[in-house]
Amino acid sequence: QYVVKCAVQDWALNNAVVAYSTFTFDTTKPTSRATYPSNTSFVGNITLCSGTANDANARASGIKRVDVSIKQMTNSKWWNGSNFTTATTQYWNVATDTASWTYTWGTGKLTTNTTYQIVSKAVDNAGNWSVSWTTNTFYCDTDKPSALITYYGEDLSGGKTNVTQITGTASDTG
């Protein structure tokens, strides 16, 4: 942090009021990353993403804002704040909070059996932007799995307990 002091005196030895100005000189780039959903995760019908941002240095000015970008991989379109149908270039949405941020898109906005990518960037109060971004890829699966259990051996009706084999099958279309 720096303090600038200004004092003025004219030729007649009149002194002006002393003025002070304090400022922080910050050239360090902040960092930001998505933590939920985690990279390579499978999710259901989630409504938000979240992460962290940091402006780590001894004279940090602090995080001013975090922006989030979400891409639907099947159509290569970006979330524009309403849908994944119109934004063909990367679109940045403002997250709530800063150091521990959240971005909410609402219920029913993700398509099942679809892959998405999420990335975030931060700007600090000095105007420095993140320069490296971590991309998380996640898969939305809202299809319910199915299961079938088959008994082999003695008939279990009537309370019998002599089971020689139990098998089953499970499947998930997502």
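The values are calculated or read from the model by the stated rules, or taken from the named source; none is laboratory data. Computed from a predicted structure; not experimentally measured. Ideal geometry is used to build each Cβ from the backbone, glycine not excepted, and the neighbour counts take in all protein chains shown. Just the protein is used for accessible areas: all its heavy atoms, side chains included, with ligands, DNA and RNA removed. Shrake-Rupley method; radii C 1.70, N 1.55, O 1.52, S 1.80 Å.
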Expressed in nanometres to one decimal, the distance between label points 7 Å along Cα→Cβ at Cys6 and Thr167 is 8.8 nm
For the chain, what is the convex hull volume of its Cα atoms per residue in Å³? 208 Å³
Using modelled backbone amide H atoms (1.01 Å from N, in-plane), which distant-in-sequence or interchain residues come within less than 5 Å of Lys77's amide H? Gln72
Of the accessible area of the chain, computed with a 1.4 Å probe and all protein chains kept, carbon and sulfur make up a percent value of 52 percent
Work out the charge dipole of the chain with +1 on the Cβ of Lys and Arg and -1 on the Cβ of Asp and Glu about the Cα centre, then indicate which of Thr24, Ala87, Asn57 is farthest towards its positive end. Thr24
What list of ³J(HN,Hα) couplings, whole Hz, do you get for the stretch 52-59 from phi and the Karplus terms 6.51, -1.76, 1.60, once you set θ to phi - 60° and write x for glycine and proline? 10, 9, 8, 10, 8, 6, 5, 10
Show which lysines lie in cross-link reach of Lys29 when reach means a straight Cα distance below 16 angstrom and same-chain residues fewer than eight apart are skipped. Lys64, Lys121
Over the chain, calculate the relative contact order: mean separation of alpha carbon pairs under 8 Å at least 6 apart, over the residue count, as a percent. 23 percent
Contour minus end-to-end for Ser76 and Val131, with contour as 0.36 nm per residue of separation and end-to-end as the Cα-Cα distance? 17.5 nm
Run the simple label-point estimate for Thr142 and Gln117 please: 7 Å along Cα→C-beta, distance reported in nm. 2.4 nm
From the protein chains alone at 1.4 Å, what is the descending order of accessible area for Asp143, Asp172, Asp97, largest first? Asp97, Asp172, Asp143
